[in-house]
Amino acid sequence: MLKHPTLDQLNALGLYGMAKAFTDIANGGEVKDLEPYDWLALLLDRETTWRREKRLTARLRIAKLRQSASVEDVDYKTPRGLDRALFQTLTQGDWIDAHDNVALIGPSGVGKSWLACAIGQKACRDNRSVLYHRWPRLCEEFALTRGDGRYARILKSLGRTELLILDDFGLEPLDANARHDLLEILEERYGRRSTIVTSQLPIPSWHAVIGDPTYADAILDRLIHNAHRIELTGESLRRTKTKQPKSA
């Protein structure tokens, strides 16, 4: 095992990427072939890469994305009405800087959650904070934490994350508490942060699902008026894959 005062100093300073590169290069016998400036540049490059990967790992752990998805793997061939130009524009993230929203609409199985998670993963790679929640489970979580001190903390966390993904909205009508919680979330985020909402229901049906007309108007005004809309159609991709013959 390599022992060197420089290695000890690098570790003491928390430059673990440089320390690993120092060890790898020394053990590989590359030292004699490198000019001093090349040696330093390589160490700095390894440190930068190490920090970037560590930061991404942390952001993905916090985001808790439901699907392991990436924008590079999006299927544009299967007919489901996915606007390639619009989706690729969204992956660049300018809409997040502008604090816009995204509504991903379509029947079950057409890939809404996967696409939302792909955008979320790209946002993590772009060093943005992301949180994923299924709306039904989030409602349950709010119900459990209401009044015990955690409610305000969760609401604050939802309000400050740069990209919030609310998946499976509208599976059942909202009760009074759910309406209140959703409005509080959107009020905290409006004009400051961005939200992705996925739903099987077309947007005109959201008003009825929310229930109370006053709340519905307030919620939709904060969520939809600046939302980029992706409306998918077609057969469930799960059923399509099931029908495909197994490869030899």
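Quick note: the coordinates plus some simple rules give every number you see, no bench work behind them. Note that the coordinates shown come from a computational prediction; the quantities given were computed from them, not determined experimentally. Neighbour counts run over all protein chains shown; Cβ positions are idealised from the backbone, glycine included.
The table below gives the values:
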item: Over the range 71-157: Kirkwood hydrodynamic radius from C-alpha pairwise inverse distances, Å; result: 15.1 Å
item: Segment residue 57-residue 12, length gained on full extension (0.36 nm per residue, minus Cα span); result: 13.9 nm
item: Reachable aspartates and glutamates from residue 20, criterion Cα separation under 13 angstrom, eight or more residues apart if same chain; result: 8, 45, 47
item: Per-residue [θ]222 nm for the chain (sum of -39500 (n - 2.57) over DSSP H runs n ≥ 4, rounded to 500); result: -16500 deg cm²/dmol
item: Length-normalised contact order for the chain - Cα pairs under 8 Å, 6+ apart - percent; result: 24 percent
item: Ordering of 144-150, 199-205, 157-163 by packing [mean C-beta count within 10 Å, highest first]; result: 157-163, 199-205, 144-150
item: Relative contact order %, the range 117-248, counting alpha carbon pairs below 8 Å whose residues are six or more apart; result: 23 percent
item: Two-decimal ratio, the chain, of alpha-carbon radius of gyration to 2.2 N^0.38 Å; result: 1.29
